[in-house]
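Working notes, beginning with the structure itself.
The values are calculated or read from the model by the stated rules, or taken from the named source; none is laboratory data. The structure presented is a predicted model; accordingly, all values stated were derived computationally and were not measured. Note: accessible area is taken over every heavy atom of the protein model, side chains too, but ligands, DNA and RNA are not part of it. Shrake-Rupley method; radii C 1.70, N 1.55, O 1.52, S 1.80 Å.
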Amino acid sequence: MKSYLLLLYRLITYNVKVIFANKFIYFVIAAFLFFGFIIMIAIFDDPNFNEAVIYGFLVFPGLLLIFYPMAYGIQNDDDSKMLETIFGIPNYRYKVWLVRFVLTLGVASVFLFILGIIANITLYRFSILPMLGQVIFPIAFLSSLAFMISTKIKNGNGTAIVIVIVAFIFFVFAEPLEYSAYNVFLNPFSEPRDMSEFIWLTIIFKNRIYLMVGSALSLLYGMYNLQFRERFV
């Protein structure tokens, strides 16, 4: 049992190093600084914290953490001359890139859990796990969308530009679609006053279903693109 756990630990640490190109500590520092920055802005702007505010605090550091591995993953493999080796692995799409995708979300979840504990102690008391469960939905959707885009563009810089544009469009429409089930950044803790609780819960449920379906379709399409290995080498 101990040997399996050791093997799993080595597998995870190796893939984390590959995913973040040995720059994991920089992403952690950047996410912490970003988290501290938005907290400072909020303190000076409006010191009345609640779950809706905390939700917004956690979403964007999570997006920052998954941005690099999703945008530059394939290019990093190409630059390190590992693409052909990866393509030689049976079921490489699932054994390599799907594992990396899951690990990236796992690392982001652990990091957000730590940030949630910090926010829970210093800013506002809330249930961490339900909050984390809600935060993961938009992060998983944008992660899978970024992964799909990277399989089409096959260039880290180009993928990064497209992701930023797409995220900006989602962000622009977040306000007019604030209480719509089609809002990617829908805040489930920001319940409108003039809406019944049942309708609001229905909107949240539909939104999460849409994000789950969108994540699954984007991930599957990205995996489908990866089977055409001649396009990548």
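Just to check, using Stokes-Einstein with a Kirkwood Rh over alpha carbon pairs, what's the diffusion coefficient of segment 165-219 at 20 °C and 1.002 mPa s in µm²/s? Don't skip to the answer; put the middle values down first.
Numbers: Rh = 11.8 Å.
The calculation lands on 181 µm²/s.
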Self-check item: For segment 127-167, accessible area per residue (1.4 Å probe, heavy atoms of protein chains only), Å²
Solution: 38 Å²
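Could you give the alpha-carbon Rg of segment 93-157 over 2.2 N^0.38 Å, rounded to two decimals?
So segment 93-157 has a normalised radius of gyration of 1.37.
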Quiz prompt | Using θ = phi - 60° and Karplus 6.51 cos²θ - 1.76 cosθ + 1.60, couplings along segment 102-110 (whole Hz; Gly, Pro as x) | solution = 5, 5, 4, 5, x, 5, 4, 5, 4
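Arrange the residues GLU197, GLU175 by how much accessible surface each exposes, largest first, with a 1.4 angstrom probe.
Numbers: GLU197 120, GLU175 145 Å².
Largest to smallest exposure gives the sequence GLU175, GLU197.
Determine the equivalent ellipsoid of segment 95-223 by diagonalising the alpha-carbon gyration tensor, then write out the semi-axes as square roots of 5 times the eigenvalues, largest first, rounded to whole Å.
Values: eigenvalues 142, 77, 38 Å².
Its equivalent ellipsoid spans semi-axes of 27, 20, 14 Å.
Rounded, prolate or oblate: pick one for segment 133-183, where a ≥ b ≥ c are the square roots of the eigenvalues of its C-alpha gyration tensor, a/c under 1.5 means rounded, and failing that, prolate if a/b is larger than b/c, else oblate.
Oblate, since a/c reaches 1.5 and b/c is not below a/b.
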